[in-house]
Structure formats: C-alpha cells, structure tokens
Amino acid sequence: MSSPRRLIARLRNFMAHRPALQGKDDLLDLARLIAGELVSEVCSVYVTTGSDTLELAATEGLRPQSVGRTRLRMGEGLVGLAAATGETLNLPDAQNHPAFAYRPETGEDAFASLLAVPVRRAGRTLGVLVVQNRTPRRYDADEVEEVQTVAMLLAELLAATQPERTDLGLAAALPRRFSGAALAPGIVLGPVVLPGRTRVAHRLVADDPQAEQLRLEAAWAAMQAGIDQLFRDRMPELGGRKADAAASREILDAYRLIAGDAGWLKRVGEAITSGLSAEAAVARVAGELRDRMRRVTDPYLRERLADLEDLAARLLASLDGGSAIGPETIQPGAILLARRLGPAELLDWHARGIAGVVIEEGSAGGHAAVLARALGIPALGGARGVCDSASDGEQAVIDADEGQIFLRPAEELRTGYLHAIAARTARLAGWAGLRDQPSRTKDGTRIQLMLNVGLAMELGQIAATGADGIGLFRTEIAMLARGAIVDTPDQAAIYTRVLDEAGDRPVLFRTLDLGGDKLLPGSPPPEEENPAMGWRSLRIGLDRPALLRRQLRALLLAAGGRKLSIMFPMVATIAEFRAAKALLMAEAAHVRPSPQSLRVGTMLEIPALLFQLPALLREVDFVSIGTNDLMQFLFAADRSAPKLAGRYDLLLPAALDTIAMVQQACETAEIPLSVCGEAASRPLEAMTLAGLGITSLSMPAPSLLPIKAMLADLDLASLRPFLTALRRNASGHASLREPITAWARERGLEF
C-alpha cells in the first residue's frame with residue numbers, strides 16, 4: 001500500500017475539485033483512485049438507499065454490470081453485517097464466513113480476502129467501503145487504519161448526497177407515548193428542546209501535522225479551562241455541604257479521566273500524523289470509541305460514552321472557535337431530549353433553565369442521572385426513538401414516576417397532568433414530613449429502609465431522605481468512574497468519607513464487583529460466552545488476592561476504630577466465603593486501630609448457595625439478597641433482555657417461595673437479612689417483601705420516601721395471611737402480580 005499521507009493528499013485534491021459526488025462517474029473515479037493507491041484488486045463502494053438497503057454504487061475490479069443491481073439488506077451478507085454492526089470486518093477467506101451472501105452477478109468468486117469498513121458520519125451509516133484481493137490473507141493493522149481513514153473522508157462526500165430526513169409527515173403531528181426508566185423522580189410539562197450538538201469536522205486534511213498538533217493542544221487547554229469554570233459556577237447548586245462539594249469533584253475527576261485518557265490522546269495524535277486535521281482526528285477517534293462502547297451491555301459503562309461524546313463535541317467546538325453547545329436561551333420550563341448526555345453538558349443545560357430531561361441511553365448509575373437527582377430535575381432514560389420523533393418547541397410531558405414521556409399530548413391529557421403536578425406538589429410536602437420519622441407499618445412493624453449508593457455525590461441523600469443507613473455501597477462504581485483501581489490510601493479516603501457522612505447509621509460495603517462487562521479502561525474484553533456467569537466479582541478477588549487484600553486493608557483503615565460491615569458478592573460455595581473471610585482476617589490482624597466491631601456477610605445471588613443455607617448461616621454475620629442476579633440465575637432469564645421481562649418477575653410463586661425460605665432460615669438462625677436488589681425499590685414488590693417477613697430493604701434514594709409513605713398505610717397483619725393463602729393456591733407458572741395489586745388497591749394503597 002502507499003503511504004497514508006500520499007493517499008490523503010490525492011483524496012484532498014479529489015475533494016477540492018468535487019466537494020460533493022455528482023453521479024456514478026465520480027464514485028467510479030474515487031473507487032479507482034482508492035484501489036490504485038491501496039494496491040487492491042477490488043475496491044467497491046456500497047451506499048445506503050433506504051432505511052435498510054445497501055446498493056453497490058461503484059466498483060473497480062468486480063463486474064461493471066453489477067453496479068446498481070446488487071443490493072443487500074442491513075445485516076445481510078458481509079457488507080450488510082459491517083453496516084449493521086458498525087464494525088470493520090477483516091477476513092482472509094470471506095466466502096467461508098457463515099454470513100457470506102453470494103451474488104453471482106458481481107464475479108467476486110475469485111477473491112478470497114476482504115476488508116469491509118462502515119462509512120459513518122455523525123452516528124449514521126452511509127455505506128460500506130470494501131477492498132478485496134485474490135490471495136487469502138488478513139490485512140495488517142496499518143492497512144486497516146488506512147482504509148478506515150479513507151472511509152471517514154468518503155463519508156463527507158456521501159453526506160452531501162444523503163441528507164437527513166426532516167419531514168416525518170402526518171406522524172409528526174400525532175400524539176406519541178414512549179416508555180423508559182426513571183432516572184430522577186417527578187412530573188414536568190413544557191416545550192421540547194433538542195441539543196443539536198453534533199459537530200462535524202468540515203476541514204478534514206492538513207499539510208502541517210505539527211501545526212495541527214499545536215492547535216489541538218491549545219484547544220484542549222481552552223476546553224479544560226471552560227470545564228473548570230463551568231463546575232465552579234454550578235457547584236453551589238449541587239449543595240453547599242462539604243460532602244456534596246467533594247462528591248461533585250468526584251464526578252468531575254471521573255469526567256477528566258475520560259478526557260485525559262492517554263490512549264485516546266495518543267490515537268488522536270497518530271491520526272493527525274497520518275495527514276488528518278485536528279478536527280478530523282478528534283472526530284475519527286471519538287467515532288471509533290463510540291462504536292466500540294455502544295456494544296458494551298453494562299449500563300454504567302455505557303454512560304461513559306455520553307461523557308466521551310460530550311468531550312469530543314466540546315473539543316471540536318474549541319477547535320473551530322465555538323463555545324456553548326446548544327442555544328444560549330430556551331423557553332421557560334423546557335424539556336431536553338438527548339440520546340446521550342454528559343455531566344458537564346447537563347450543567348450547561350441546567351444553567352439555561354431546563355425543567356426536565358430524557359436521555360435515550362441513560363441509566364440510573366450514570367453521571368448525568370446522578371447530577372439530575374442532585375439538582376432535582378425529573379429525568380427519564382431508555383425512551384428509545386423519542387429524539388427522532390420530536391421537534392423543537394412542541395409540547396411534552398415527562399412522567400418519570402410512571403416511566404413515560406408524551407409528545408404532543410392531547411389537551412385532556414395535558415390538563416390531567418397539570419392537575420397531577422399540583423397534587424404531586426402537595427404529596428411531596430406530605431412525604432417530606434415523613435423524613436425524620438422511623439419507617440413503620442400501620443400496625444407498628446419496624447421496617448428498616450436503607451440506600452443503595454456508589455458515588456460520594458449520593459451521600460447527601462442519607463439526610464435528605466432520613467434513610468436508616470446504606471444497605472449497599474457499590475465500591476466498584478468509584479473505581480469505574482476513576483478509570484482504575486486506585487491505591488490503598490485513596491480507597492481508604494473514599495470509604496472514610498462514606499462512614500463520616502453516615503455517622504451512626506450502618507453501612508454495608510460490598511467488595512469489588514468487577515468483571516463480566518464491568519471492565520476498567522484498557523482491560524481486554526472477556527473471552528466468555530456468558531460474562532455475567534464468568535470470571536467476575538469475588539472470583540477475580542480470590543484469583544487475584546493482592547487486589548482484594550488491598551481493598552480490605554483500605555476498608556479497615558477507613559473504619560478507624562468504628563463499626564465496619566463488609567459483604568462479599570457472587571459467593572457460590574461456603575469454601576469461597578471462608579477463603580475471602582480469611583483474607584479479611586489476615587489484614588485485620590495488622591491494621592490498628594481495630595474496628596469497634598467487624599461484621600462479615602455475603603450477598604445471596606447464586607442459587608447454589610440456597611442449598612448450603614444451614615452451613616452458610618453458621619459462618620456469616622448477615623445476609624443480603626441481591627434480587628437482580630438471583631432472579632436472572634434462578635429463571636435463566638437475562639434481566640437486560642426485553643423479551644424476557646415477563647419471566648424475570650419477583651412476584652412469580654417460585655421467586656416468592658425462594659425468598660420466604662431464606663427469610664425463615666435466617667430468622668431461625670437469628671441472622672439479619674436484607675434485600676438490596678432493584679425489586680426493593682418498587683412499592684408493590686417492597687410491600688410483598690415486607691409481607692414475607694423481610695424487615696430491611698435497600699433502594700435508590702428517590703424510592704425511599706414513597707415506600708415509607710406506602711408502609712405507613714399498610715396493615716401488615718392482614719397482608720401476611722393473604723400472601724400465605726395466595727402462594728399456597730398459586731399455579732406453578734402464573735405471576736401473583738395482579739391479585740396482589742388488587743388487594744392493595746382495595747385498601748387504598750397508592751403505587
């Protein structure tokens with residue numbers, strides 16, 4: 001292949017004379033240029049002609065008569081697979097790949113090796129660039145990178161011939177409803193505002209790499225200064241207390257770590273060296289990382305994609321002399337709709353006056369969601385398709401309590417929500433009165449309500465909700481936010497802050513739950529078909545005892561003579577628990593002062609542990625049921641799979657019987673039991689758990705006061721016999737959700 005700079009120079013000349021492709025002859029000339037420079041026997045350009053169709057638009061090396069005739073659906077054949085997944089395919093023997101789709105009119109039988117690179121711009125797939133050779137071989141890394149650079153430049157040429165669709169016809173005037181997950185509670189009605197922040201690098205190539213590198217460094221410094229100023233300006237709105245200030249710095253530190261990742265900056269520099277402008281290099285590297293991270297299934301890690309896109313947009317704005325992302329002023333009470341949202345970007349929009357936000361790919365553990373809760377902004381995540389269906393200025397209603405957003409609501413619905421907002425305001429005032437009261441049922445049973453947290457930003461919610469303590473502190477979240485396992489003193493500082501904020505309230509620290517798809521930056525992807533059931537969590541800790549001992553030592557140091565409770569996740573056998581506890585005790589023997597008390601417990605998430613309960617309860621000081629993992633393993637139903645949602649139900653008889661069995665065993669052994677999974681955060685499930693005898697629940701902060709209010713109206717003495725009879729007479733497969741809901745409604749309980 002030729003040198004990257006020579007190819008880019010020739011493409012620059014081509015683009016200078018033809019800034020937009022005018023017809024098939026232009027595409028054919030481009031394919032010939034690329035084939036000649038890449039020393040490739042075939043170079044083909046496929047372009048998208050509809051939402052799910054790719055057409056061969058030009059080729060050098062295949063039969064000319066196949067142009068305009070050969071078509072593939074998205075996902076069909078190797079070309080369709082590259083387009084659908086956004087991944088580069090590098091195959092030494094393409095025709096023996098299971099996805100290969102033979103098209104006899106092309107005459108591609110003679111070509112063995114294939115390199116297919118998606119042509120993407122601003123998140124859209126515009127086509128696929130394909131090179132082929134007769135000799136079976138895998139293209140090397142330099143060749144792949146060169147073709148990827150060409151695909152990026154080709155995207156700019158194709159973009160002019162494939163304008164984005166702006167007219168949605170009648171559908172744009174009809175009311176629409178989208179479902180999602182609550183990120184921060186509340187109801188808001190107002191006009192829609194869309195970010196419109198996708199910045200595209202219009203100057204793609206440059207003659208002086210050194211000058212481009214200097215431009216990048218100057219823009220980088222200006223961007224960082226702007227971020228620092230933004231956080232200084234907005235910090236007072238996140239709370240004036242010391243803990244809130246420290247927590248906000250933690251979010252900013254995580255954001256900066258993503259921005260300053262050495263690997264990312266190195267890739268940008270390499271792209272500049274190849275002949276790209278600083279803007280094009282940033283756009284290319286950010287696009288590659290975006291496509292890679294979109295394939296991550298863990299919601300928290302996917303949130304890092306929002307941080308990355310926010311930073312890339314800010315850096316591109318800095319390079320072209322811009323500053324703000326989005327309009328300076330918006331209509332009062334506006335609702336922001338975004339596919340992804342970084343924490344700094346949310347603060348920008350909050351300064352402009354948004355009253356609510358919908359993040360299509362947002363999750364409750366993401367930075368933007370944490371800030372939304374701290375700022376009191378109603379927020380919804382997971383409402384896929386809402387951004388494409390909305391227009392600036394039209395009315396919308398976010399009902400985060402019910403997990404839905406309405407675009408262009410009918411007048412009756414709009415009026416109804418105005419009344420609901422007024423009623424909610426009154427109800428919130430009533431809930432606030434419960435904050436300092438102990439959580440009890442109507443008939444006097446004490447139910448301990450605790451918080452699930454993972455970042456210091458969330459610690460202020462202990463006082464804000466009147467929680468009884470922290471029932472689950474996810475220690476890995478701070479590590480994921482920082483992008484690395486920090487050393488013992490830094491870990492100890494994090495845990496000390498948690499204990500300081502909790503005061504006399506209990507805190508249950510869960511040791512690192514990494515692995516699976518919770519990967520730190522730079523970690524290789526797991527080579528496992530089922531990462532959730534693979535090398536993760538305590539299994540990593542026991543195989544890498546130095547890692548676990550470092551964390552245990554930090555926890556002991558943080559206690560500083562105070563009470564300390566530690567629980568191990570994903571325990572499958574008594575032997576694993578004993579091994580982990582032995583490591584803890586070995587560290588405890590060397591740390592002074594010793595904790596006032598040291599309680600050691602386990603998460604109950606793996607069904608195998610259910611059959612070891614008697615022996616387990618002789619070893620532990622407490623048990624916490626993690627319903628998220630326990631239910632998915634119990635029913636072999638991935639909790640993230642929408643098609644299996646009906647089977648992943650805590651109110652199935654088998655699930656209730658399992659929890660009741662654990663509760664009875666713990667009660668007999670006098671071992672404290674709590675439930676800290678997602679189910680504990682939903683009022684109906686929380687009511688049912690209380691009816692089974694669970695007296696300690698741990699949940700996200702927004703759920704605590706509503707559940708406390710529900711429990712205050714609950715007559716537990718009448719619920720328990722009802723549940724017992726219902727479980728005794730239930731079929732082996734039907735969920736008990738409907739009869740339990742009906743029982744609650746008959747007694748005026750609100751969910």
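Structure notes:
- Of the residues ALA383, ALA372, the single one that is of a type in the set (A, V, I, L, M) and closer than 20 Å to ALA701 by Cβ is ALA372.
- Members of region 692-727 that are surrounded by 18 or more Cβ atoms within 10 Å (Cβ to Cβ), touching a Ser or Thr at 6+ places or on another chain (Cβ under 9 Å) and assigned to a helix (DSSP H, G or I): ALA701, PRO702, SER703, LEU704, LEU705, ILE707, LYS708, LEU711, LEU716, LEU719, LEU723
- Of the residues making up region 728-742, those that are assigned to a helix (DSSP H, G or I) and buried (at least 19 other Cβ atoms within 10 Å of the Cβ) number 1.
- Looking only at residues of region 127-170 that are modelled with pLDDT of 85 or more and of a type in the set (Lys, Arg), we find that the one that is farthest from VAL282 (Cα to Cα) is ARG134.
- Residue list for region 118-144, restricted to those being exposed (fewer than 15 other Cβ atoms within 10 Å of the Cβ) and either among the hydrophobic types (A, V, I, L, M, F, W, C) or under 22 Å from LEU56 (Cα atoms) (or both): ALA122, GLY123, ARG124, ARG134, ALA141
- Entirely in region 328-446, the strands (runs of 3 or more DSSP E) that have 3 or more residues that are aliphatic (A, V, I, L, M): 335-338, 356-359, 395-399
- Failed condition for GLN612, given (1) within 30 Å of ASP649 (Cα to Cα); (2) at pLDDT below 95; (3) surrounded by fewer than 19 Cβ atoms within 10 Å (Cβ to Cβ): (2)
- Annotation for region 501-523: no member residue is in contact with a helix residue (DSSP H, G or I) (Cβ under 9 Å, 6 or more places away or on another chain), at pLDDT 90 or above, over 25 Å from LEU704 (Cα atoms) and surrounded by fewer than 19 Cβ atoms within 10 Å (Cβ to Cβ).
- Checking every residue in region 669-690 against the condition of being closer than 20 Å to SER624 by Cβ, modelled with pLDDT of 95 or more, outside any helix (DSSP H, G or I) and of a type in the set (D, E, K, R) gives at least one match.
- Complete set of residues in region 354-379 that are small (Gly, Ala, Ser) and at pLDDT below 85: GLY362, SER363, ALA364, GLY365, GLY366, ALA368, ALA369, ALA372, ALA374, GLY376
The values are calculated or read from the model by the stated rules, or taken from the named source; none is laboratory data. What you see is a predicted model; the values in this text were computed from it and never measured. Because the Cβ atoms are built from the backbone with ideal geometry, glycine has one as well, and the counts that use them run over all protein chains shown.
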